[in-house]
Amino acid sequence: MIAIACDHSALDMKKVIIELLDQMGLPYHDYGTYTADSCDYPVFAARAAGAVARGECEKGILICGTGIGMSIAANKVDGIRCALCSEPYSAKLTRMHNDSNVLALGARVIGPELARMIAQTWLETPFEGGRHQRRVDLLTALEKGEKME
Ligand code: RB5
């Protein structure tokens with residue numbers, strides 16, 4: 001299950017990503033927003049990222065104007081590693097190296113075709129593990145307030 005959410009600036013791009021998820025045969029839960037009324041992105045980031053953190057969804061995709069607000073909000077949820085991507089190379093590498101579990105996109109930054117390509121790449125790329133697992137474990141330790149030497 002993929003969690004998806006957007007704010008008022010990104011309704012059209014959310015539709016594009018939902019279309020992609022349908023084509024890829026991936027079930028999703030849409031955490032809103034559902035209308036063009038102005039809304040607060042942290043609320044929707046928290047709903048979708050919370051579902052990922054609780055294990056109700058395997059991954060999440062968040063979209064706002066720049067993708068920045070959504071990514072900042074998502075990364076404040078324990079267990080979330082959210083990557084804001086504007087091109088497919090970063091989308092691939094953040095899955096391979098960071099095991100990112102949430103992708104953020106900026107609807108006012110990139111176009112729909114690029115967003116589609118980024119999301120597809122991100123969804124299809126597995127985590128590489130190995131030395132990268134150690135680094136992901138260090139991210140979790142940081143989150144828990146452990147000191148880094
Ligand atoms: C909304 O105007 C805008 O601030 C929001 O979509 C996002 O870009 C915030 O980071």
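Kindly indicate the residue of the range 7-29 that is part of a helix (DSSP H, G or I) and loosely packed, with under 15 Cβ neighbours inside 10 Å and also nearest to the ligand (Cβ to nearest atom) among those meeting that condition.
Out of the qualifying residues, it is 12.
Can you tell me which residue in the range 78-91 is farthest from the ligand (Cβ to nearest atom), limited to those that are closer than 16 Å to residue 111 by Cα and surrounded by 19 or more Cβ atoms within 10 Å (Cβ to Cβ)?
The extreme case among them is 91.
Please state which of the following conditions residue 136 fails to meet, knowing it meets all the rest: (1) closer than 20 Å to residue 39 by Cα; (2) outside any loop (DSSP other than H, G, I, E, B).
Condition (1) is where residue 136 drops out.
Could you give every pair whose Cβ atoms fall below 6 Å, whose first residue belongs to the range 121-149 and is touching a residue at least 12 places away in the same chain (Cβ under 8 Å), and whose second residue is assigned to a loop (DSSP other than H, G, I, E, B), counting only separations of at least 6 or pairs across chains?
Hits for this filter: 127/99; 136/99; 143/78.
Residues 72, 110, 80, 68: which one is among the β-branched types (Val, Ile, Thr) and either on the phi > 0 side of the Ramachandran plot or touching a helix residue (DSSP H, G or I) at 6+ places or on another chain (Cβ under 6 Å) (or both)?
80
Picking from 50, 32, 69, which residue would you name as being farther than 20 Å from residue 125 by Cβ and either surrounded by fewer than 18 Cβ atoms within 10 Å (Cβ to Cβ) or touching a strand residue (DSSP E or B) at 6+ places or on another chain (Cβ under 7 Å) (or both)?
From the options 50, 32, 69, the qualifying one is 32.
Name every residue in the range 51-77 that is part of a loop (DSSP other than H, G, I, E, B) and either near the ligand (Cβ under 10 Å from one of its atoms) or among the small types (Gly, Ala, Ser) (or both), in order of residue number.
55, 65, 66, 67
Check the range 34-50 and report whether any residue there is at pLDDT 95 or above, closer than 16 Å to residue 14 by Cβ, among the β-branched types (Val, Ile, Thr) and not in a helix (DSSP H, G or I).
Within the range 34-50, one or more residues are at pLDDT 95 or above, closer than 16 Å to residue 14 by Cβ, among the β-branched types (Val, Ile, Thr) and not in a helix (DSSP H, G or I).
Return a yes/no flag: does the range 86-93 have any residue that is basic (Lys, Arg), more than 22 Å from residue 128 (Cα to Cα), over 11 Å from the mean Cα position of the chain (by Cα) and modelled with pLDDT of 95 or more.
Checked against the condition, which is being basic (Lys, Arg), more than 22 Å from residue 128 (Cα to Cα), over 11 Å from the mean Cα position of the chain (by Cα) and modelled with pLDDT of 95 or more, the range 86-93 yields no hits at all.
Considering only residues that are small (Gly, Ala, Ser) and not in a loop (DSSP other than H, G, I, E, B), look in the range 96-133 and name the one that is surrounded by the fewest Cβ atoms within 10 Å (Cβ to Cβ).
Applying the filter and picking the extreme gives 106.
Return the total of residues in the range 134-149 being surrounded by 11 or more Cβ atoms within 10 Å (Cβ to Cβ) and either among the acidic types (Asp, Glu) or under 21 Å from residue 86 (Cα atoms) (or both).
Of the residues in the range 134-149, 1 are surrounded by 11 or more Cβ atoms within 10 Å (Cβ to Cβ) and either among the acidic types (Asp, Glu) or under 21 Å from residue 86 (Cα atoms) (or both).
The values are calculated or read from the model by the stated rules, or taken from the named source; none is laboratory data. Keep in mind that this is a model prediction, so the values were computed, not measured. Using ideal geometry, Cβ is built from the backbone for each residue, glycine included, and neighbour counts are taken over all protein chains shown.
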